[in-house]
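A.B. asks: I have a structure here, written as structure tokens, and I will follow up with some questions on it.
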Amino acid sequence: MSNILSIQSAVAYGHVGNSAAVFPLQRIGHEVWPVYTVNFSNHTEYPTWRGPVLGADNVREILRGMEFAFPQVDLFVSGYLGTAEMAEVVRDAVVAIKEANPQARYVCDPVIGNSEVGSFVSADIPDVYTETLIPLADAITPNQWELSLLTGRRLDPGDAAYAADAGYAEYTEALADAARSLCSNALITSVETGNPETIGMVDVASTSALRTDAPRLGGNIVGAGDLATALYAALIDVAPQQRLDHLAGTMGAMVRAVRERGLDELPLVELQECIVDPARTA
């Protein structure tokens, strides 16, 4: 069991941010201390959403009240931040936690946007990640679109260099090399495979790059990236192939349930056994 401090958005209805991360982390067996950056009624793709954004000073005060527990933090996870000021709060917290516990690790999900909608954050946020937060991170979890933006690299499976069977390994390594230019450990999600019927995921470590492809079951599902980051954090000490298999199995079951049954939200509680063991698909 690890003690995990997770700073992300939260909603009363549905599963995004901490509302997608906390339960899976707990279900796998970790103690979780959530800190919210917003407290909304539901995510912002609902026309009825309401609720407050917590200012950076508010979040800083919450973290100050937790400083006594910083030596106990094993893992710090950050997700959607929204402002450069909030990133500064996260940076200061990461530094303080690592000073209190040098063995603590930081998983940074650089939430910026995706290939369907582009960026949904202010223009200064990508530089905030590359200059302020990612240098402190022990692992990052960008989607492919975010990775390309953060590194300035064109990562396209349709390039001639990645054609034919040999191109699979070369393209996977190109993705891994881009990720390693930012951080030695990464999970890359929503990886374009060159096949419109599939979508990929790559687990990157300093000496390995493992990829799995799965059927593409429609467009973006809100909260899926937050869940993937939570699972990666929960399994950070598991062997890479086992971790990737677990991630692919759980995420596949969740996405299939949403698509096949027309659900509005990830069925985290219903499929909680699958979070623990993907073989237990409901």
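A.B. asks: Given the stretch 1-118, what helices (runs of 4 or more DSSP H) lie entirely inside it while holding 2 or more residues that are over 17 Å from the mean Cα position of the chain (by Cα) and over 28 Å from ASP237 (Cβ atoms)?
C.D. replies: 56-65, 84-100
A.B. asks: Further question on the same structure: Run down ILE140, ILE62 and say which single residue is among the β-branched types (Val, Ile, Thr) and within 20 Å of SER19 (Cβ to Cβ).
C.D. replies: ILE62
A.B. asks: A further question follows. What about ARG180, is it farther than 27 Å from ARG256 by Cα, modelled with pLDDT of 90 or more and of a type in the set (Lys, Arg)?
C.D. replies: yes
A.B. asks: Let me ask something else. When the residues of the stretch 128-170 are narrowed to those that are charged (D, E, K, R) and outside any loop (DSSP other than H, G, I, E, B), which ends up modelled with the lowest pLDDT?
C.D. replies: Ranking the candidates gives GLU170 first.
A.B. asks: Further, regarding this structure: Of the numbered conditions (1) more than 23 Å from ALA123 (Cβ to Cβ); (2) touching a residue at least 40 places away in the same chain (Cβ under 8 Å), PRO71 satisfies every one except a single condition; which is it?
C.D. replies: Status for PRO71: all satisfied but (2).
A.B. asks: Report yes if some residue within the stretch 32-55 is surrounded by 24 or more Cβ atoms within 10 Å (Cβ to Cβ) and either β-branched (Val, Ile, Thr) or modelled with pLDDT of 95 or more (or both); otherwise report no.
C.D. replies: Taking the stretch 32-55 as the starting set, the residues that turn out to be surrounded by 24 or more Cβ atoms within 10 Å (Cβ to Cβ) are 37.
Filter once more, so that each one left must be either β-branched (Val, Ile, Thr) or modelled with pLDDT of 95 or more (or both): 37.
Within the stretch 32-55 (the criterion being surrounded by 24 or more Cβ atoms within 10 Å (Cβ to Cβ) and either β-branched (Val, Ile, Thr) or modelled with pLDDT of 95 or more (or both)), the answer is yes, since at least one residue qualifies.
A.B. asks: VAL35 fails exactly one of the following numbered conditions: (1) without any contact (Cβ under 8 Å) to a residue 40 or more places away in the chain; (2) out of contact with any helix residue (DSSP H, G or I) (no Cβ under 8 Å at 6 or more places or on another chain). What is the number of that condition?
C.D. replies: (2)
A.B. asks: Of all helices (runs of 4 or more DSSP H) completely enclosed by the stretch 203-282, which ones contain at least 3 residues that are crowded, with 18+ Cβ neighbours inside 10 Å?
C.D. replies: Answer list for the stretch 203-282: 224-234, 240-261.
A.B. asks: Here's a follow-up. Restricting attention to the stretch 176-199, and to residues there that are part of a strand (DSSP E or B) and in contact (Cβ under 8 Å) with a residue 40 or more places away in the chain, which single residue is farthest from ASN114 (Cα to Cα)?
C.D. replies: Checked the stretch 176-199; the qualifying residue farthest from ASN114 (Cα to Cα) is ALA186.
The values are calculated or read from the model by the stated rules, or taken from the named source; none is laboratory data. For clarity, every value in this text was computed on a predicted model and none was experimentally measured. Note that we place each Cβ from the backbone using ideal geometry, even for glycine, and neighbour counts take in every protein chain shown.
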